[in-house]
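This report refers to the structure that appears directly beneath it.
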Amino acid sequence: MFYREAGQFKSTYSADMAVFPIWQDRVGIAVILLVAFIAIPLFASDFVIASVMIPFLVFSLAAIGLNILTGYTGLISLGTAAFMGVGAYACYKMTTFFPGVNIIVLILLSGLFSAAIGVLFGLPSLRIKGFYLAVATLAAQFFLQWAFVRVPWLFNYNASGAIEVPQRTLFGIAITGASASPETRYYVCLCLVVVLTWFASNLVHGKLGRSWMAVRDMDIAAELMGIKLLNAKLLAFAVSSFYAGVAGAMMIFLWYGGGEAADVFNIRLSFNILFMVIIGGLGSLIGSFFGAAFIASLPTILKFGLPAIGIPLAGATAEHVTFMLVGALIITFLIVEPHGLARLWQIGKQKLRTWPFPY
Amino acid sequence: MKKTAMLKGAALGALLAAGAVSTPANAQDSVYFANNAYRTGPFSGSGIPIGDGMRDYITMINERDGGVGGVKIVYEECETGYDTKKSIECYEQAKSKNTIVYSPWSTGATLAAIPRAHIDKIPILSMAYGLSASADGTNFPWVFIPPFTYWDGASLMVKHMAAELGGMDKLKGKKLGLIHLDAPFGKEPIPVLENLAKKYGFELKLYPVAAADMQNQGSLWLSIRRDRPDYLYNQGWGAMNPTAVKEAIKNNFPINKLVGVWWAGGDDDARAGGPEAKGYKSLNLNAAGTNFPVIQDIQKFVVEKGKSLAPKEKVGENLYNRGVYNSMLVVEAIRNAQKLTGKKVVTGEDMRRGLESLNITEARLKEIGMEGFATPTTISCTDHSGHSKAYVAEWDGTKWTKPGEWLEPLKDEVRPLIEANAKDYTDKAGNWPKRAEPCEKSS
């Protein structure tokens, strides 16, 4: 009833191949974009924008990156945080070398550095799979994090080893640095995430995405069909690290605003992003958003939301509750719905489609 | 389709926003003070006693005096787990509730907050931690770091070493090891120690400990055994400190040559070494123990009435008293701000003025029951630290003692470095605002 596609006929192949073939989906997207671009900056408080929405966007992008690698290509990585770190430090070094270049360009370019490092650490994926590959990427995590702390060139020989985010403007409005308002930073994040999601969506629905999924489902069969494993796997690593790198640069420049960077990109973050992908749904872009909202925003909402609506919860207790709740929910999800929130969403849509007369 | 997630975020956001509105706005007769705390995570061992001390002093002021100048202090803890991400959330929360001062309680959190303070008009009080260069009030009008900085601490360590050896000239050819957390907090003293090493001809050895390896310092102590430093300075925090004390004992390093920064002076840090930890030293800015009227008042008005979170026997321990000292600074600054502005309910901007002209004299310390608890501290327009005195505390097996005198840091060495680094910091930040706030005269 709400979601009936009866009467929506497709008369061209392109209409049939569209990412959102159903009218209701397109309306839904438009509504959500309107909410994201207009309603949230208008009505949400600074706290919500700075502490809930910006982190959510940053993690969504990182989760999309990992999803391309793990969900679409079937290669497990535990080094996402390190690749994010490469992006952040690359962006920092570039702002020192090219102070005149616009920061958004630099944030996007820093993804390229991350992609290069990702390809380097992705090379073993040609020979090893599964857990062994996870361990190889773990090496990337440890090595890169070590480098962030021990290579003073990366943080410009700063006495405290911290990254300082300089002020940069776009059309005269500060978008990084302390005077950038949360709304501005949110807009920049949102635009980057929307554009990169659109790009990722085109990638995974195209020839490249098909070859990735073929590799995931059975790499020998894929090779027999003429897919070059070397190209497909390394490209997956490159694209995935590119997304992670951009997310990392966004994290430091648009969210944190400088400070202790080396310890931010730790293994816990890598795991968290992996959880986002697993809970959100492997091989699904929307799942990346669901997962990020779930893992990144839930603790904040528990900690600040519950006391705000009148349920007194001490900070330390909230932390413990978060740990228990997230842990329990991860286990529940893995048992009840291994395909994650994205699958639940799909089921929900299916139900709406046949409502009120289920088969 | 992905945008549905955003919708979900928006809905949750709306929930939060609605909540933020429903929280009581600052009532007419109270001021709001947000304090970061970490009662969870790897640093909770040090974070809990500090948080208890902070909380209890404010509670005592509210209970005993009915607040400051007739104004109650609404005190709220924000749990960070010593995680920078959560600290940033806590900063945003404190800002949205109009905190009169932000107390970051971590160097990482301080570094993240410093660039925002002058824009959000929230003074930062980073008591003896944070960015050493922020002691330069000309460039950092919104950041306060009394009673001294990590750089003062490092110079005190060198001074202590020289005093034991018998003079600054005896430092030549000696070896000083620095065990430090491999994070901004741990790296802070390095520039001063490097400078002093060059000047006095001693050798500086660095032993960095990654946050993940705090309780696993075995390999580090192998290198310490190989290098045989004459003295060790431990810039550690949380689980790292008891491990260092235990490792020193295990490796037969003379325990009286191991000196911790003031954050390595927790009772539990030293206690972990057992009886053999007797003689372990730590720099200190406050006295330990309950023999002060202020602590006795806390016991009377807070602990005995069951309003404290601290176990009775922990009241008066070193880090607990440090928390008390920090809260005292806040309360005195509120009092000063009230005096300056004539207002009862002060704002963040008033607090900045109150902090900048804070002058805690010997007489004032006596008045508030803190005689001998700490030394007088004066903050001025240019000097946001005061570079006050500290002493080298010694663990006698059961408690911290004060065997020596209050020592002054090598201000002549530290101050030029602070000014140079402050300039460097603000230059790099780009578009750092020139100080526009007028100076207050010390009261």
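The values are calculated or read from the model by the stated rules, or taken from the named source; none is laboratory data. Everything numeric here is computed off the predicted structure, so don't read it as measured data. Methodologically, a virtual Cβ is constructed for each residue, glycine included, from the backbone with ideal geometry; neighbour enumeration extends over all protein chains shown.
The table below lists the values:
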item	result
Qualifying residue in segment A:67-79 (condition: over 30 Å from A:Leu123 (Cβ atoms) and within 18 Å of the chain's Cα centre (by Cα))	no
Options A:Thr184, A:Thr169; residue that is within 27 Å of A:Phe289 (Cα to Cα), surrounded by fewer than 22 Cβ atoms within 10 Å (Cβ to Cβ) and within 13 Å of chain B (Cβ to nearest Cβ)	A:Thr184
Residue check for A:Phe47: closer than 30 Å to A:Thr169 by Cβ, assigned to a helix (DSSP H, G or I) and at pLDDT below 90	yes
Residue ID - nearest to the other protein chains (Cβ to nearest Cβ), chosen from residues in segment A:278-317 that are within 13 Å of B:Cys78 (Cβ to Cβ) and surrounded by 23 or more Cβ atoms within 10 Å (Cβ to Cβ)	A:Gly315
Condition check for B:Ser132: in contact with a Ser or Thr (Cβ under 9 Å, 6 or more places away or on another chain) and either at the interface with chain A (Cβ under 8 Å from one of its Cβ atoms) or modelled with pLDDT under 90 (or both)	yes
Search result, residues across segment A:229-284 that are basic (Lys, Arg) and touching a Leu at 6+ places or on another chain (Cβ under 7 Å)	A:Lys233
Residues that are under 25 Å from the mean Cα position of the chain (by Cα) and not in a helix (DSSP H, G or I), drawn from segment B:217-243	B:Gln217, B:Tyr231, B:Leu232, B:Tyr233, B:Asn234, B:Gln235, B:Gly236, B:Trp237, B:Gly238, B:Ala239
Which numbered condition A:Tyr256 misses (of (1) buried (at least 24 other Cβ atoms within 10 Å of the Cβ); (2) under 19 Å from A:Val204 (Cα atoms))	(2)
Some residue of segment B:281-295 being within 21 Å of B:Tyr150 (Cβ to Cβ), in a loop (DSSP other than H, G, I, E, B) and of a type in the set (Ser, Thr, Tyr)	no
Failed item in (1) small (Gly, Ala, Ser); (2) away from chain B (no Cβ under 13 Å); (3) crowded, with 21+ Cβ neighbours inside 10 Å, with A:Gly327 passing the rest	(3)
Top-ranked residue in segment A:45-102 [being of a type in the set (Val, Ile, Thr) and within 11 Å of chain B (Cβ to nearest Cβ); ranked as surrounded by the most Cβ atoms within 10 Å (Cβ to Cβ)]	A:Ile64
Qualifying residue in segment B:144-166 (condition: in a helix (DSSP H, G or I), within 20 Å of the chain's Cα centre (by Cα) and surrounded by fewer than 23 Cβ atoms within 10 Å (Cβ to Cβ))	no
Members of segment A:103-129 that are crowded, with 21+ Cβ neighbours inside 10 Å and farther than 30 Å from A:Thr184 by Cα	A:Ile117, A:Gly118, A:Phe121, A:Gly122, A:Ser125
Filtered residue count, segment A:198-218, keeping only those that are in contact (Cβ under 8 Å) with a residue 24 or more places away in the chain and charged (D, E, K, R)	2
Any chance A:Ala318 is small (Gly, Ala, Ser) and touching a Lys or Arg at 6+ places or on another chain (Cβ under 8 Å)	yes
Among (1) touching a helix residue (DSSP H, G or I) at 6+ places or on another chain (Cβ under 7 Å); (2) in contact (Cβ under 8 Å) with a residue 40 or more places away in the chain; (3) not basic (Lys, Arg), the one test that A:Pro99 misses	(1)
Matching entry among A:Lys10, A:Lys93 (being free of Cβ contacts under 8 Å to residues at least 60 places away in the same chain and of a type in the set (D, E, K, R))	A:Lys10
Answer from B:Ile58, B:Ile48, B:Ile100 - the residue that is more than 18 Å from A:Gly161 (Cβ to Cβ), more than 14 Å from chain A (Cβ to nearest Cβ), surrounded by 23 or more Cβ atoms within 10 Å (Cβ to Cβ) and out of contact with any Gly (no Cβ under 8 Å at 6 or more places or on another chain)	B:Ile58
In segment B:29-40, the residues that are in contact (Cβ under 8 Å) with a residue 60 or more places away in the chain and either away from chain A (no Cβ under 12 Å) or assigned to a loop (DSSP other than H, G, I, E, B) (or both)	B:Asp29, B:Ser30, B:Val31, B:Tyr32, B:Phe33, B:Tyr38
Residues that are crowded, with 20+ Cβ neighbours inside 10 Å and not aromatic (Phe, Trp, Tyr), drawn from segment B:395-409	B:Pro409
Segment B:241-255 - residue that is in contact (Cβ under 8 Å) with a residue 40 or more places away in the chain and of a type outside the set (A, V, I, L, M) and, of those, nearest to B:Ile179 (Cα to Cα)	B:Asn241
Matching residues, segment A:18-44, being in contact (Cβ under 8 Å) with a residue 60 or more places away in the chain and either within 25 Å of A:Ala342 (Cβ to Cβ) or at the interface with chain B (Cβ under 8 Å from one of its Cβ atoms) (or both)	A:Val19, A:Leu33, A:Ala36, A:Phe37, A:Ile40
Residue count for segment A:296-354, restricted to those that are part of a loop (DSSP other than H, G, I, E, B), free of Cβ contacts under 8 Å to residues at least 24 places away in the same chain and not hydrophobic (A, V, I, L, M, F, W, C)	4
Qualifying residue in segment B:41-59 (condition: closer than 27 Å to B:Asp269 by Cα, in a loop (DSSP other than H, G, I, E, B) and among the polar types (S, T, N, Q))	no
Residue match in segment A:184-202 (condition: part of a helix (DSSP H, G or I), of a type in the set (D, E, K, R) and out of contact with any strand residue (DSSP E or B) (no Cβ under 8 Å at 6 or more places or on another chain))	no
Top-ranked residue in segment A:130-166 [being of a type in the set (S, T, N, Q), in contact (Cβ under 8 Å) with a residue 60 or more places away in the chain and crowded, with 17+ Cβ neighbours inside 10 Å; ranked as nearest to the other protein chains (Cβ to nearest Cβ)]	A:Gln145
Number of the exception - B:Asp424 against (1) surrounded by fewer than 20 Cβ atoms within 10 Å (Cβ to Cβ); (2) closer than 27 Å to B:Gly265 by Cβ	(2)
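Residues are listed down the side, and each one gets a yes or a no for (1) in contact with a Pro (Cβ under 8 Å, 6 or more places away or on another chain); (2) touching a residue at least 24 places away in the same chain (Cβ under 8 Å); (3) crowded, with 18+ Cβ neighbours inside 10 Å:
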position: B:Lys175; (1), (2), (3): yes, yes, no
position: B:Gly186; (1), (2), (3): yes, yes, yes
position: B:Pro189; (1), (2), (3): no, yes, yes
position: B:Lys198; (1), (2), (3): no, no, no
position: B:Ala211; (1), (2), (3): yes, yes, yes
position: B:Met214; (1), (2), (3): yes, yes, yes
position: B:Ser219; (1), (2), (3): no, no, no
